[in-house]
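Accompanying notes for the structure given below.
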Amino acid sequence: MYSSGVSTSERLIESTRELLWERGYVGTSPKAILERSGAGQGSMYHHFKGKPDLALAAIRRTAEEMRATAEAVLAGPGTPYERIEAYLLRERDVLRGCPVGRLTMDPDVVADDTLRAPVDETLEWLRARLTGIVEEGRERGEFAPVPDSAEIAAAVVATVQGGYVLARASGSPAAFDAGVRGLLALLAPRER
């Protein structure tokens, strides 16, 4: 599954990321991690203190990847509305869901402050980043002065995360797409 140039610790992290997304924390057993990664017995404990330590590394990597992907779009060209639109319309595997959002539904991750921290930090970063873009749009007269910029940012995050849930529940990306189109219509720049 992995090329020979990929380190054992890297294979363990990537395998754990995939398993957490597919099975959740409880379903991600050390045996499954070793099988998926092709690592030998004892490799996990050579590189990590145990499953919680490896899971934390995997969750941090997932969070970093989500931030980088979002930032690439949000820092792109265009007006604030166009950048939010690009974020909402970017290519996603809607039926698979958000790897960070899925972690919020894992009771074992949510119950552990250490495992939950990268998830909380990433969602907070996204809300803050979007708040800044909405503020920029307000200063340019693109968005109305009410409601609060942070509330609009929260609505954007909620639309994406809720859209994943609705799409997975229906087995179709149509619910995600409808939510995004509705939010974009509400956010459309006002006429000057």
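The values are calculated or read from the model by the stated rules, or taken from the named source; none is laboratory data. In this text the structure is predicted, and so the values were computed from the model without any measurement. Note that each Cβ is placed from the backbone with ideal geometry, even for glycine, and that neighbours are counted across all protein chains shown. Remember, those area values only see protein heavy atoms, side chains included, never the ligands or the DNA or RNA. Shrake-Rupley method; radii C 1.70, N 1.55, O 1.52, S 1.80 Å.
Probe radius 1.4 Å, ligands and nucleic acids left out: which of 66, 105 has the largest accessible area, and how do the rest follow? Display every interim value, and only then the final one.
Values: 66 30, 105 115 Å².
Of 66, 105, the descending order of accessible area is 105, 66.
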Rounded to the nearest Å, the spacing of the alpha-carbon centers of the stretch 85-134 and the stretch 18-62 is 21
What percentage of the solvent-accessible surface of the stretch 1-152, computed with a 1.4 Å probe over protein heavy atoms, is contributed by carbon and sulfur atoms? 52
For the chain, just run the numbers: alpha carbon Rg, then divide by 2.2 N^0.38 Å, N being how many residues it has. 1.17
Cα radius of gyration and Dmax for the stretch 1-74 (Å): 12.6, 42
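With a 1.4 Å probe and every protein chain left in place, work out the accessible area per residue of the chain in Å², rounded to a whole number.
51
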Note down the nm distance, to one decimal, between modelled labels 7 Å out along Cα→Cβ at residue 22 and at residue 121. 2.8
Less than 14 Å Cβ to Cβ from residue 55, Lys/Arg counted +1 and Asp/Glu -1: what total charge do the surrounding residues give? +1
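Compute the Kirkwood hydrodynamic radius of the stretch 93-152, taking the inverse of the mean of 1/r over all pairs of distinct Cα atoms, and give it in Å to one decimal. If you can, show how the numbers build up before the last one.
Details: mean 1/r = 0.0747 Å⁻¹.
Evaluated on the stretch 93-152, it is 13.4 Å.
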Three principal axis extents, largest first, for the C-alpha atoms of the stretch 84-192, in Å? 49, 32, 20
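For residue 72 and residue 140 in one chain, what is 0.36 nm times their gap in residues minus the Cα-Cα distance, to one decimal in nm?
Numbers: separation 68, 0.36 × 68 = 24.48 nm, distance 2.20 nm.
Once the chain is fully extended between residue 72 and residue 140, it gains 22.3 nm.
Using a Förster radius of 22 Å, what is the FRET efficiency between residue 129 and residue 178 based on their Cβ-Cβ separation? Nearest 0.05, please. List each step's numbers first, then the result.
On the way: r = 25 Å, r/R0 = 1.12.
That gives a FRET efficiency of 0.35.
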